[in-house]
Amino acid sequence: MTVLIVDDDPFALKLLARQLAHLGYAEVIAHEYPGEALRALGHDGHAIDLIFCDLQMPGVDGVEFVRHLVQLGYAGSLVLVSGEDERILETAERLARAHRLDVLGALHKPVSPTGLRALLERCTERPGKPRLDERKRYGPDELRAAIAQGELMAYYQPKVELATGALAGLETLVRWAHPTDGLVFPDQFVATAEEHGLIDELTRAVLGAALRDARRWRDGGPAVHVAVNVSMDNLTALGFPDAVAAALAEAGLAAQSLVLEVTESRLMQDRLAALDVLTRLRLKRIGLSIDDFGTGHSSLAQLRDIPFDELKIDRSFVHGAGQNPSLRAIFEASLGMARQLGMKTVAEGVEDRADWDFLRAAGCDLAQGWFIARPMPAEDLPAWLAAWEARRDAL
């Protein structure tokens, strides 16, 4: 692995190079001047696997450097290093990720050997990982055929009660069992469905599968609600509430068995129709959840205007909130607001025991994330539930 360090502080540059050498990284190139580093990357950027970049540099600061990396098409990994305020460093890291750069993380100066070693271990987890914008996208004809041929699959991620650990519900996540490409994730085809008028067909297929599975679970054991994601484009069809009610009736399930998770990832094209549809869904006693709260357009205006009965706090405000004062303040404000509005709260992105303990102490209702379970096909749920029942007593 070839590593490039860019830092205008000669001492910091030598110290980090020495630390990398001690960890076995012999191919290290150091530049005090970011302009020189960019010129070198322009000539042979593909030779660099990992860049450590300081944020506070004269001439070209770290944010500008990141912008130039994007323009150069840099495909390696990046670590931001700075002695700046924690929130500035976090913002710069989010910016670099938004540019689709492979950001391993951020380090505070002076860089600790332990922190450096832990961060570098992540490199071994990413061999050959394709960047998001390099992954295959699928056209409308392929997707239309996949829906017609029943290639879409429902995967489920459990939601559990924080107070007891009991299984409370399952979020339905669509996957495409592609005959040649294997399991395809929704970020590779949902946008195509929205852009080409296929989202209603896709949603009906996923909803039907989820309700059929929910009926089987109800007949064979405890009843849990299923949650299905809906697009804003679904909500412009005035007949959508009746179609959902008909699907529930066909499956023999009560309306309370279903929660529709709404993410306003783009502005409503027909706000009046969407409000009509959402209000009628609640009149039919179908649950409504505002998903990814605090991101995109999922905001206070939606809480004011739409009769949601569940609030899902986005993972970006959950993971690490127990140790990060800014995240904790945002999480606790969202939790307090939901309580005052009489809404159930779900924390997304629960990744470790620290997250679980923080959420439990905070009084959040439900938790969802890899600490509990990764998304799985329906047939894997019984085995997961047995393992979880054995594990939850220790939490």
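Tabulated results
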read-out	value
Residues of region 7-40 that turn out to be modelled with pLDDT under 90 and touching a helix residue (DSSP H, G or I) at 6+ places or on another chain (Cβ under 7 Å), as a count	1
Failed condition for residue 364, given (1) at pLDDT below 95; (2) closer than 30 Å to residue 235 by Cβ	(1)
Selection within region 72-97 - touching a residue at least 60 places away in the same chain (Cβ under 8 Å), surrounded by fewer than 21 Cβ atoms within 10 Å (Cβ to Cβ) and under 16 Å from residue 16 (Cβ atoms)	none
Every residue from region 20-37 that is under 17 Å from residue 81 (Cβ atoms) and part of a loop (DSSP other than H, G, I, E, B)	23, 25, 32, 33
First in region 371-393 and in contact (Cβ under 8 Å) with a residue 60 or more places away in the chain, second anywhere and assigned to a helix (DSSP H, G or I) and crowded, with 16+ Cβ neighbours inside 10 Å, Cβ under 8 Å, 6 or more apart	372/388; 373/384; 373/388; 376/384; 378/213; 381/217
Residue 4 being in a helix (DSSP H, G or I), modelled with pLDDT of 90 or more and either within 21 Å of residue 121 (Cα to Cα) or open to solvent by less than 60 Å² (accessible area, probe 1.4 Å) (or both)	no
Pair list, Cβ under 8 Å, 6 or more apart: region 332-352 residue among the hydroxyl-bearing types (Ser, Thr, Tyr), other residue surrounded by 19 or more Cβ atoms within 10 Å (Cβ to Cβ) and part of a loop (DSSP other than H, G, I, E, B)	345/364; 345/365
Given (1) within 30 Å of residue 327 (Cβ to Cβ); (2) surrounded by fewer than 19 Cβ atoms within 10 Å (Cβ to Cβ); (3) not charged (D, E, K, R), index of the condition residue 57 fails	(2)
Count of residues meeting criterion [assigned to a loop (DSSP other than H, G, I, E, B) and either surrounded by fewer than 18 Cβ atoms within 10 Å (Cβ to Cβ) or in contact with a His (Cβ under 8 Å, 6 or more places away or on another chain) (or both)] in region 217-248	6
Residue in region 102-119 that is most open to solvent (accessible area, probe 1.4 Å), counting only those that are in contact (Cβ under 8 Å) with a residue 60 or more places away in the chain and under 11 Å from residue 81 (Cα atoms)	110
Within region 78-118, considering residues that are more than 20 Å from the chain's Cα centre (by Cα) and among the hydroxyl-bearing types (Ser, Thr, Tyr), the one nearest to residue 31 (Cα to Cα)	82
Residue check, residue 45 surrounded by fewer than 17 Cβ atoms within 10 Å (Cβ to Cβ) and modelled with pLDDT under 90	no
Contacts under 6 angstrom Cβ, first residue in region 309-330 being more than 20 Å from residue 372 (Cβ to Cβ), partner modelled with pLDDT of 90 or more and acidic (Asp, Glu), 6 or more apart	none
Residues within region 148-188 that are β-branched (Val, Ile, Thr) and surrounded by fewer than 19 Cβ atoms within 10 Å (Cβ to Cβ), tallied	2
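The values are calculated or read from the model by the stated rules, or taken from the named source; none is laboratory data. These numbers were taken from a predicted model, which means no experiment stands behind them. Cβ coordinates were reconstructed from backbone atoms using ideal geometry, including for glycine residues, and neighbour counts include every protein chain displayed. Protein only, heavy atoms only, side chains kept; ligands, DNA and RNA dropped before computing areas. Shrake-Rupley method; radii C 1.70, N 1.55, O 1.52, S 1.80 Å.
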